[in-house]
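To start, the structure under review is shown below, and the notes come after it.
The values are calculated or read from the model by the stated rules, or taken from the named source; none is laboratory data. If you're wondering where the values come from, they're calculated on a predicted model, not measured in any experiment. Methodologically, a virtual Cβ is constructed for each residue, glycine included, from the backbone with ideal geometry; neighbour enumeration extends over all protein chains shown.
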Amino acid sequence: METLIIRHGCPVDPGITDERPRTVFIRNGRIDRILTEQEESAHDLPHGDGARVVEAAGMMLLPGLADAHVHFRDPGFTEKEDMETGAAAAAHGGFTSAVMMGNTNPHPDTPERVAAMADRAGRTGIRLYCCGNITMGMAGRELTDFEALKDAGVVLLSDDGLPIRDAGLMEKACIRAASLGLILSLHEEDPAFIEQAGINRGSVAGSKGLAGADREAEISMVRRDTAIAERTGAELTIQHISAAESVCLIRDAKRRGVKIHAEATPHHFTLTEEAVIRFGTNAKMNPPLRTEADRLEIIRGLQDGTIDMIATDHAPHTQAEKAVEFTKAPSGIIGLETALSLVWRELVLPGYLTVPQAVERMTRAYSVYGLPGGKIREGAPADLVLFAPDEQWTVSDETLYSRARNTPFLGTSLPGVVRLTVCGGRIVFENRKEE
């Protein structure tokens, strides 16, 4: 394996307390040494001997980002995305680890299916992990064999895309998951409160003659499941928070000691329901974009740690699927490639989060799910991102690596360019020029 030297980048890591540039030496897939310029000069270390040297002056060196919520549509729907194109999009966005959700065909509801997915995932160049389903076929009636799925290597369990509607079944799932140390990751939308999915029940939906999805669809299930988690001792992740009341419920549950995590997507802290007017089906997602008050409360949740993870819910669809009337189009947008830039534009530059806080939210999945990575340390896996915060790029057909183009940010100029992504010591994405 090639020796890689990244010279004079500024590391962003809680364990590195000063801002001096450093040179990182990477050998055999791990970080071998981290030296300041003065230490580097004192050691008189050679930069030759066949090593690849990357000059990083003026750029930030981040741990490889981790996304605990992506849809790569593989197997079953690879016309939208597959593991290879999804991994390429992830690397372009600075992600070296991602957890694939299980609404595929077939579902990862048996250890054999999980093993087949994991085998392919291991050949993509980045670290892809499988979730297992909570219920067989995501039908919400029969629990899967949690222990067998854990032995097969799943890192979490989820029926993402569908809620567990049966409260009794949810309680059984929590008891079983708690006994095995597994985390349940939950899509919290009760269909009883939804007439048309993907659009908030409010003024924008009304202008289109639609009733939409009431916020109580999410709130009611967050309230129910935090209470079940408190009774059973289960550990939960509440996915893609969209409503201010949900943030408050999770904040209160955490104060009571409930073992609960929460995700925010870049689109939920960037856009509101008004985006549907401009972008149509490319602003349709579940749960829907809501109001400015909801957006700001999500940001407050990220600030105080109530929401501890930023996850993209990367959801590719074909252009033909989205090019239909609103009620017939599938929900979801792609997000891996724009996430870091949106975090920078919406959270860091306005001062809501410091750079270390932003990086922590984008790498928190490592510690939540027990994954390797997330630190710039000697001996740690060499999963790193070289980020140029002062540069710009434009989201376009030419700059996207995902197979899909369903994003409201197409044509938008965004701050911050990923110049290099390294996973396991190997360069998996490199951009030497302005995009």
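Overview of results
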read-out	value
Residue match in the range 91-103 (condition: in a loop (DSSP other than H, G, I, E, B), in the same structural domain as residue 402 (by TED's automatic domain parsing) and in contact with a strand residue (DSSP E or B) (Cβ under 7 Å, 6 or more places away or on another chain))	no
Number of the exception - residue 40 against (1) at pLDDT below 95; (2) buried (at least 16 other Cβ atoms within 10 Å of the Cβ); (3) on the phi > 0 side of the Ramachandran plot	(3)
Residue within the range 168-190 that is of a type in the set (Ser, Thr, Tyr) and crowded, with 17+ Cβ neighbours inside 10 Å present	yes
Residue match in the range 131-146 (condition: under 30 Å from residue 381 (Cα atoms), of a type in the set (D, E, K, R), without any contact (Cβ under 8 Å) to a residue 60 or more places away in the chain and assigned by TED's automatic domain parsing to the domain that holds residue 74)	no
Top-ranked residue of the range 81-132 - restricted to ones that are under 18 Å from the mean Cα position of the chain (by Cα) and of a type in the set (D, E, K, R), ranked as surrounded by the most Cβ atoms within 10 Å (Cβ to Cβ)	81
Residues (buried (at least 16 other Cβ atoms within 10 Å of the Cβ) and on the phi < 0 side of the Ramachandran plot) located in the range 150-164	150, 152, 154, 155, 156, 157, 158, 159, 160, 162, 163, 164
Residue among 428, 417 that is farther than 29 Å from residue 77 by Cα and not hydroxyl-bearing (Ser, Thr, Tyr)	417
Candidates 147, 245, 235, filtered to the one that is surrounded by fewer than 23 Cβ atoms within 10 Å (Cβ to Cβ), farther than 27 Å from residue 104 by Cβ and modelled with pLDDT of 95 or more	245
Some residue of the range 284-291 being hydroxyl-bearing (Ser, Thr, Tyr) and in contact (Cβ under 8 Å) with a residue 24 or more places away in the chain	yes
